[in-house]
Amino acid sequence: MTGTADIYHEMIIDYSRNPINFGEIKDHDVTFHDSNPLCGDSIDIDMKIDDNKVTDIKFHGKGCAICMACSSVLTEITKGKTLDEVRKIDKNDILSELGLEHLQAVRIKCALLSLKVVKSALYTYMGEHLNDSQDVDKLKEEAANLY
Ligand SMILES: [Zn+2]
(Lines give C-alpha, C1' and ligand atoms only; values in the text may rest on other atoms or scores of the structure.)
Protein backbone atom coordinates (compact mmCIF):
# COMPACT_ATOMS: atom_id res chain seq x y z
CA MET A 1 0.00 0.00 0.00
CA THR A 2 1.18 3.48 -0.81
CA GLY A 3 0.95 6.04 1.99
CA THR A 4 0.40 9.76 1.58
CA ALA A 5 4.02 10.45 2.48
CA ASP A 6 5.13 8.25 -0.42
CA ILE A 7 2.89 10.11 -2.86
CA TYR A 8 4.37 13.45 -1.80
CA HIS A 9 7.84 11.97 -2.00
CA GLU A 10 7.14 10.84 -5.56
CA MET A 11 5.79 14.27 -6.49
CA ILE A 12 9.00 15.89 -5.23
CA ILE A 13 11.20 13.48 -7.18
CA ASP A 14 9.03 14.03 -10.27
CA TYR A 15 9.24 17.81 -10.09
CA SER A 16 12.97 17.71 -9.50
CA ARG A 17 13.46 15.59 -12.63
CA ASN A 18 10.97 17.53 -14.76
CA PRO A 19 10.69 20.97 -13.23
CA ILE A 20 7.79 23.16 -14.37
CA ASN A 21 8.44 26.68 -15.67
CA PHE A 22 12.15 25.97 -15.80
CA GLY A 23 14.11 28.30 -18.07
CA GLU A 24 14.76 31.96 -18.70
CA ILE A 25 12.66 34.91 -19.85
CA LYS A 26 15.05 37.05 -21.85
CA ASP A 27 12.83 40.16 -21.94
CA HIS A 28 11.77 39.91 -18.29
CA ASP A 29 10.45 42.94 -16.41
CA VAL A 30 12.15 41.88 -13.22
CA THR A 31 14.62 39.24 -12.16
CA PHE A 32 16.12 38.25 -8.84
CA HIS A 33 18.73 35.81 -7.60
CA ASP A 34 19.33 34.29 -4.22
CA SER A 35 21.04 31.22 -2.86
CA ASN A 36 21.00 28.92 0.12
CA PRO A 37 24.66 28.23 0.88
CA LEU A 38 23.79 25.59 3.48
CA CYS A 39 22.60 23.25 0.75
CA GLY A 40 24.00 24.78 -2.44
CA ASP A 41 20.62 25.79 -3.88
CA SER A 42 20.96 28.76 -6.23
CA ILE A 43 17.89 30.13 -8.00
CA ASP A 44 17.12 32.94 -10.44
CA ILE A 45 13.52 33.90 -11.13
CA ASP A 46 12.45 35.98 -14.15
CA MET A 47 8.99 37.55 -14.35
CA LYS A 48 6.98 39.34 -17.01
CA ILE A 49 4.57 41.80 -15.47
CA ASP A 50 1.75 43.43 -17.37
CA ASP A 51 -0.96 45.63 -15.92
CA ASN A 52 0.04 44.59 -12.36
CA LYS A 53 -0.26 40.92 -13.24
CA VAL A 54 2.43 38.25 -13.54
CA THR A 55 1.89 37.09 -17.11
CA ASP A 56 4.89 34.78 -17.18
CA ILE A 57 7.41 33.41 -14.71
CA LYS A 58 10.38 31.08 -15.10
CA PHE A 59 13.14 29.93 -12.81
CA HIS A 60 16.61 28.61 -13.48
CA GLY A 61 19.61 27.58 -11.47
CA LYS A 62 20.34 24.48 -9.48
CA GLY A 63 18.93 23.04 -6.34
CA CYS A 64 18.15 19.92 -4.40
CA ALA A 65 14.93 17.99 -5.04
CA ILE A 66 12.95 19.96 -2.45
CA CYS A 67 14.15 23.28 -3.84
CA MET A 68 13.30 22.31 -7.44
CA ALA A 69 9.88 20.93 -6.49
CA CYS A 70 8.92 23.99 -4.46
CA SER A 71 10.13 26.33 -7.23
CA SER A 72 7.92 24.44 -9.70
CA VAL A 73 4.88 24.64 -7.42
CA LEU A 74 5.49 28.30 -6.60
CA THR A 75 5.86 29.39 -10.22
CA GLU A 76 2.64 27.53 -11.07
CA ILE A 77 0.82 29.31 -8.25
CA THR A 78 2.29 32.71 -9.18
CA LYS A 79 1.55 32.69 -12.91
CA GLY A 80 -1.49 34.81 -13.79
CA LYS A 81 -1.82 36.34 -10.33
CA THR A 82 -1.93 40.07 -9.60
CA LEU A 83 0.99 41.56 -7.67
CA ASP A 84 -1.27 41.89 -4.63
CA GLU A 85 -2.18 38.22 -4.81
CA VAL A 86 1.47 37.21 -5.23
CA ARG A 87 2.30 39.23 -2.19
CA LYS A 88 -0.20 37.22 -0.15
CA ILE A 89 1.24 33.84 -1.13
CA ASP A 90 2.08 32.25 2.17
CA LYS A 91 4.81 29.72 2.86
CA ASN A 92 2.14 27.19 3.84
CA ASP A 93 0.61 27.47 0.35
CA ILE A 94 3.83 25.93 -0.99
CA LEU A 95 4.61 23.53 1.85
CA SER A 96 1.11 22.01 2.03
CA GLU A 97 1.11 21.38 -1.71
CA LEU A 98 3.99 18.93 -1.25
CA GLY A 99 3.26 17.66 2.26
CA LEU A 100 6.23 19.53 3.70
CA GLU A 101 4.50 21.27 6.61
CA HIS A 102 6.69 19.50 9.12
CA LEU A 103 9.97 19.89 7.32
CA GLN A 104 13.05 20.14 9.55
CA ALA A 105 14.33 23.65 10.06
CA VAL A 106 17.52 22.92 8.13
CA ARG A 107 15.55 22.01 4.97
CA ILE A 108 13.01 24.82 5.21
CA LYS A 109 15.43 27.13 3.40
CA CYS A 110 15.50 24.69 0.49
CA ALA A 111 11.71 24.78 0.32
CA LEU A 112 11.24 28.53 0.70
CA LEU A 113 14.21 29.91 -1.24
CA SER A 114 12.10 30.42 -4.38
CA LEU A 115 9.34 32.17 -2.41
CA LYS A 116 11.97 34.50 -0.98
CA VAL A 117 13.24 35.20 -4.49
CA VAL A 118 9.71 35.92 -5.77
CA LYS A 119 9.01 38.29 -2.87
CA SER A 120 12.38 39.99 -3.43
CA ALA A 121 11.65 40.34 -7.16
CA LEU A 122 8.29 41.83 -6.24
CA TYR A 123 9.74 44.56 -4.01
CA THR A 124 12.43 45.26 -6.58
CA TYR A 125 9.73 45.78 -9.20
CA MET A 126 7.55 47.81 -6.85
CA GLY A 127 10.52 49.95 -5.86
CA GLU A 128 11.11 50.75 -9.53
CA HIS A 129 7.48 51.31 -10.49
CA LEU A 130 5.59 52.52 -7.44
CA ASN A 131 6.03 55.57 -5.31
CA ASP A 132 4.90 54.10 -2.02
CA SER A 133 8.29 53.36 -0.49
CA GLN A 134 6.74 52.46 2.86
CA ASP A 135 4.97 49.58 1.20
CA VAL A 136 8.21 48.45 -0.46
CA ASP A 137 10.00 48.51 2.91
CA LYS A 138 7.27 46.39 4.44
CA LEU A 139 7.59 43.87 1.63
CA LYS A 140 11.37 43.75 2.07
CA GLU A 141 10.82 42.94 5.70
CA GLU A 142 8.36 40.18 4.81
CA ALA A 143 10.92 38.60 2.47
CA ALA A 144 13.69 38.87 5.06
CA ASN A 145 11.59 37.22 7.77
CA LEU A 146 10.33 34.32 5.68
CA TYR A 147 12.49 31.80 7.57
ZN1 LIG B 1 18.34 22.36 -0.83
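The values are calculated or read from the model by the stated rules, or taken from the named source; none is laboratory data. Since the model is a prediction, treat every value here as computed from it, not as a measurement. Cβ sites come from the backbone with ideal geometry, for glycine too, and all protein chains shown count toward neighbours. Surface accessibility is based on the protein's heavy atoms, side chains included, excluding ligands, DNA and RNA. Shrake-Rupley method; radii C 1.70, N 1.55, O 1.52, S 1.80 Å.
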When only residues in segment 15-45 that are exposed (fewer than 15 other Cβ atoms within 10 Å of the Cβ) and at negative phi count, which is farthest from the ligand (Cβ to nearest atom)?
27
Residue set 6, 51; condition within 18 Å of residue 86 (Cα to Cα), at pLDDT below 95 and open to solvent by 60 Å² or more (accessible area, probe 1.4 Å); output residue 51
For helices (runs of 4 or more DSSP H) lying entirely in segment 67-147, having 2 or more residues that are surrounded by fewer than 15 Cβ atoms within 10 Å (Cβ to Cβ) and in contact (Cβ under 8 Å) with a residue 40 or more places away in the chain picks out 105-129
Among the residues of segment 46-66, what is the count of those that are without any contact (Cβ under 8 Å) to a residue 24 or more places away in the chain and more than 10 Å from the ligand (Cβ to nearest atom)?
4
Failed item in (1) within 18 Å of residue 144 (Cβ to Cβ); (2) more than 12 Å from the ligand (Cβ to nearest atom), with residue 92 passing the rest:
(1)
